[in-house]
1. For chain A, what does -39500 (n - 2.57) per DSSP helix run (n ≥ 4), summed and divided by total residues, give at 222 nm, in deg cm²/dmol to the nearest 500?
2. Computed on alpha carbon atoms, what radius of gyration and Dmax characterise the protein assembly as shown, expressed in Å?
3. Might you report the magnitude of the Cβ-based charge dipole of the protein assembly as shown about its Cα centre, with Lys and Arg at +1 and Asp and Glu at -1, to the nearest 20 debye?
4. If we sort C:82-90, C:7-15 on the protection proxy, mean other Cβ atoms within 10 Å, highest first, what's the order?
5. Of the residues A:Leu132, A:Leu76, A:Leu114, which exhibits the maximal mean-square fluctuation in a Gaussian network model of chain A defined by a 10 Å Cα contact cut-off?
6. Would you mind putting C:23-34, A:146-157, B:55-66 in packing order, based on average other-beta-carbon counts within 10 Å, highest first?
7. Please identify the DSSP H helices in chain A that span no less than 27 Å along the helix axis (Cα) and have a mean Kyte-Doolittle hydropathy of 0.0 or more.
8. Per-residue Cβ counts within 10 Å, from other chains only, averaged over A:117-124: what number is that?
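Each reported figure results from applying straightforward, stated rules to the coordinates on display, with no laboratory input. From a predicted model like this one, the values you see are computed outputs, not experimental measurements. All Cβ positions, glycine included, derive from the backbone under ideal geometry; neighbour counts span all protein chains shown.
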Amino acid sequence: MKLRPSALLLPLFLLLAWLLLTGSASGGNVLLGLACAVSITAAVAALRPLRARPRRLQAAIGRCWHVAVDIVRSNLAVAGIILGAARRPPRVGFVSIPLDLGDAHGLALLAVILTATPGSVWAKHDAKSKELTLHVLDLQDEAAWVRTVKQRYERPLMEIFE
Amino acid sequence: MNAILPWAVRFALACFALAMLFAFLRLFRGPTAEDRVLALDALYINGMLSMLALGIGFGSAAYADIALVIALLGFVGSAAMAKFLLRGEVIEP
Amino acid sequence: MSADVPLWAALPAAALLAGGGLFALVGAFGLLRLDSFYARIHAPTLGASLGTACVLAASMLVASALAERPVIHEAMIALFILLTSPVSSLLLMRAALFRWRG
């Protein structure tokens, strides 16, 4: 079986985490971390046969930067809403967004990104109709939310996972 | 001149303490069980942040490990409570 | 307290600490002040995202300056909080929807 580059992601990440947590990069420690990483990867592969197949990992790194910028921006927006809540209470509401993304790992990543961004929480997703319900703190323009989620987050995730 | 960092640490600790007080008030006031779990979630995040601020203040690396343990256990706790609210069971048969 | 941190690290670390503290405080203030659960669930995310990021960056900066080598041990905490805080708020949202709408 040919080894895909994405199959190396989990062991490399585990090795890095091991080295960061133990705080030393001596030869024996690297060897021990490598043994742990490989055995944990094998155990997890046996536990869950469904594999993610991420492609275009370089593009994904660029997208991380976009997500970080969005998190900072919506932090400032939500802080403004909280501090101004006495004058104008925020209009909470649900937005339903029709998604095209079907891959389970892509959806999981989308849920984490949308929920980690202040001001929006993933509320419901129907696997059959592929419809996502998103809860938004200050709902001004529903169409803008649909556009942002579909173009800014869903399309790159589809490129990476499908 | 270099006293700016200790003052920043004191300011941050005061902010986190006040934030924990707010979370405590929400914890007592409720009104729903979800609010209380949310308040506990905010409480452990702020506790973890004040450990990190103390670590900066004392220049010690041990506080980062304490923060890591608080983050791990706090997540397990609030996830278990949210799961309990959702299903009435934490571990389903 | 730590007075021997060089100035190039102390200034940005102090700014980051103050910013992180303010974000966490505003988040908790929103938790206390907003008037419905659905609005309140958004508030603590503030402390969990940018508040944590600022304080962890300050911590990395000070630890690196004190040890005179890059210390990025705190990045693990950042990654962990970034991955877990959405999961618990998602579970809480599901619980609220399930309990109030049937």
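1. Computed mean residue ellipticity for chain A: -18000 deg cm²/dmol.
2. Computed over the Cα atoms of the protein assembly as shown, radius of gyration and Dmax are 20.9, 63 Å.
3. 700 debye
4. Ranked by mean Cβ neighbours within 10 Å, highest first: C:82-90, C:7-15.
5. A:Leu76
6. Peptide ranking by packing, descending: C:23-34, B:55-66, A:146-157.
7. In chain A, the long hydrophobic H runs are A:27-47, A:57-83.
8. Mean number of neighbouring Cβ atoms from other chains: 6.
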